[in-house]
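Let me begin by handing over the structure; questions about it come next.
The values are calculated or read from the model by the stated rules, or taken from the named source; none is laboratory data. Source: prediction; values computed, not measured. All Cβ positions, even for glycine, are placed from backbone atoms using ideal geometry, and neighbour counts span all protein chains on display. Just the protein is used for accessible areas: all its heavy atoms, side chains included, with ligands, DNA and RNA removed. Shrake-Rupley method; radii C 1.70, N 1.55, O 1.52, S 1.80 Å.
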Amino acid sequence: MGALLIAAYFCIFIENSSLTVMKKIFNATYRKDYLEGYAAGLNPFLSLKTKMNKATVAGFKSGRMDYEDRNGRVSNGIPKRIVTEKVLEDFLVAGMFGFDIDIEGYTTFQINTISKWYQSGTEKYDPNQFANLSSLLNDQKIAMPI
């Protein structure tokens, strides 16, 4: 019975915390500070500073979590090549068109992340799209990497 009450309290706490953050994000000042913190969190060379407000700290933690989801923990070292959302989207598109990819310089952790995005693209592969793209690029005299 006690565990059930703790679980119920925890769920209510999480729900209330989420609502509080949602309300704050609509505040222009909070949003600006949050986004600045988020950008700082995406930079593996920066660390959390002691004189940051709550919004900046929340943004930093969110940005760092996104960085580490793509590149591995900062405490394990900073890789030579950084995987960003754009890089992952490029691998997704490469998979969609059946392009070969170059994974040299990426860590094992990053390759695992990249392979999921590439695989997702290959599942969406349509030979007709590839033929249309190839034809368009040939018309423009643009060499296509195959």
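Cβ contacts < 6 Å: first residue farther than 23 Å from K124 by Cα and modelled with pLDDT of 95 or more, restricted to segment 65-90; second residue open to solvent by less than 80 Å² (accessible area, probe 1.4 Å) and among the aromatic types (F, W, Y), any location; separation 6+ or different chain. Result?
Matching pairs, first to second residue: R81/Y106.
Okay, next question. Report yes if some residue within segment 107-121 is more than 16 Å from the chain's Cα centre (by Cα) and of a type in the set (D, E, K, R); otherwise report no.
no
List pairs: first residue in segment 38-50 and farther than 16 Å from V83 by Cβ and in contact (Cβ under 8 Å) with a residue 24 or more places away in the chain, second residue of a type outside the set (F, W, Y) and open to solvent by less than 80 Å² (accessible area, probe 1.4 Å) anywhere in the structure, Cβ distance under 7 angstrom, at least six positions apart or on different chains.
Hits for this filter: Y38/G59; Y38/S62; Y38/G63; A39/G63.
Could you tell me whether I82 is part of a loop (DSSP other than H, G, I, E, B) and either within 30 Å of L35 (Cα to Cα) or in contact with a helix residue (DSSP H, G or I) (Cβ under 9 Å, 6 or more places away or on another chain) (or both)? So that I can check it myself, show each step before the final result.
Numbers: part of a loop (DSSP other than H, G, I, E, B): yes; either within 30 Å of L35 (Cα to Cα) or in contact with a helix residue (DSSP H, G or I) (Cβ under 9 Å, 6 or more places away or on another chain) (or both): yes.
Against the criterion (part of a loop (DSSP other than H, G, I, E, B) and either within 30 Å of L35 (Cα to Cα) or in contact with a helix residue (DSSP H, G or I) (Cβ under 9 Å, 6 or more places away or on another chain) (or both)), I82 qualifies.
Any idea which of (1) outside any helix (DSSP H, G or I); (2) crowded, with 17+ Cβ neighbours inside 10 Å is the one I114 doesn't satisfy?
Status for I114: all satisfied but (1).
Checking the structure you have, find out if any residue of segment 29-37 is basic (K, R), assigned to a loop (DSSP other than H, G, I, E, B), open to solvent by 90 Å² or more (accessible area, probe 1.4 Å) and at pLDDT 90 or above. Steps first, answer last, please.
The initial filter retains those residues of segment 29-37 that are basic (K, R), namely 31-32.
If we keep only those that are assigned to a loop (DSSP other than H, G, I, E, B) as well, we get none.
There is no residue in segment 29-37 that is basic (K, R), assigned to a loop (DSSP other than H, G, I, E, B), open to solvent by 90 Å² or more (accessible area, probe 1.4 Å) and at pLDDT 90 or above.
Across segment 128-145, what is the number of residues that are under 28 Å from the mean Cα position of the chain (by Cα) and not in a loop (DSSP other than H, G, I, E, B)? Walk me through it before giving the result.
Let us first name the residues in segment 128-145 that are under 28 Å from the mean Cα position of the chain (by Cα), namely 129-130, 133, 144-145.
Imposing the further condition that a residue be not in a loop (DSSP other than H, G, I, E, B) reduces the set to 129-130, 133.
Within segment 128-145, residues that are under 28 Å from the mean Cα position of the chain (by Cα) and not in a loop (DSSP other than H, G, I, E, B) number 3.
Looking at S62, S120, S135, which one is among the polar types (S, T, N, Q), more than 30 Å from Y30 (Cβ to Cβ) and surrounded by 12 or more Cβ atoms within 10 Å (Cβ to Cβ)?
Working: S62 fails: more than 30 Å from Y30 (Cβ to Cβ); S135 fails: surrounded by 12 or more Cβ atoms within 10 Å (Cβ to Cβ).
That would be S120, the only listed residue that is among the polar types (S, T, N, Q), more than 30 Å from Y30 (Cβ to Cβ) and surrounded by 12 or more Cβ atoms within 10 Å (Cβ to Cβ).
Just to be sure, is F109 within 25 Å of E123 (Cβ to Cβ), outside any loop (DSSP other than H, G, I, E, B), open to solvent by 40 Å² or more (accessible area, probe 1.4 Å) and of a type in the set (F, W, Y)? It would help to see each step written out before you state the result.
Working: within 25 Å of E123 (Cβ to Cβ): yes; outside any loop (DSSP other than H, G, I, E, B): yes; open to solvent by 40 Å² or more (accessible area, probe 1.4 Å): yes; of a type in the set (F, W, Y): yes.
Criteria met by F109.
Also: What number of residues within segment 77-86 satisfy the criterion of being surrounded by fewer than 17 Cβ atoms within 10 Å (Cβ to Cβ) and among the hydrophobic types (A, V, I, L, M, F, W, C)?
2
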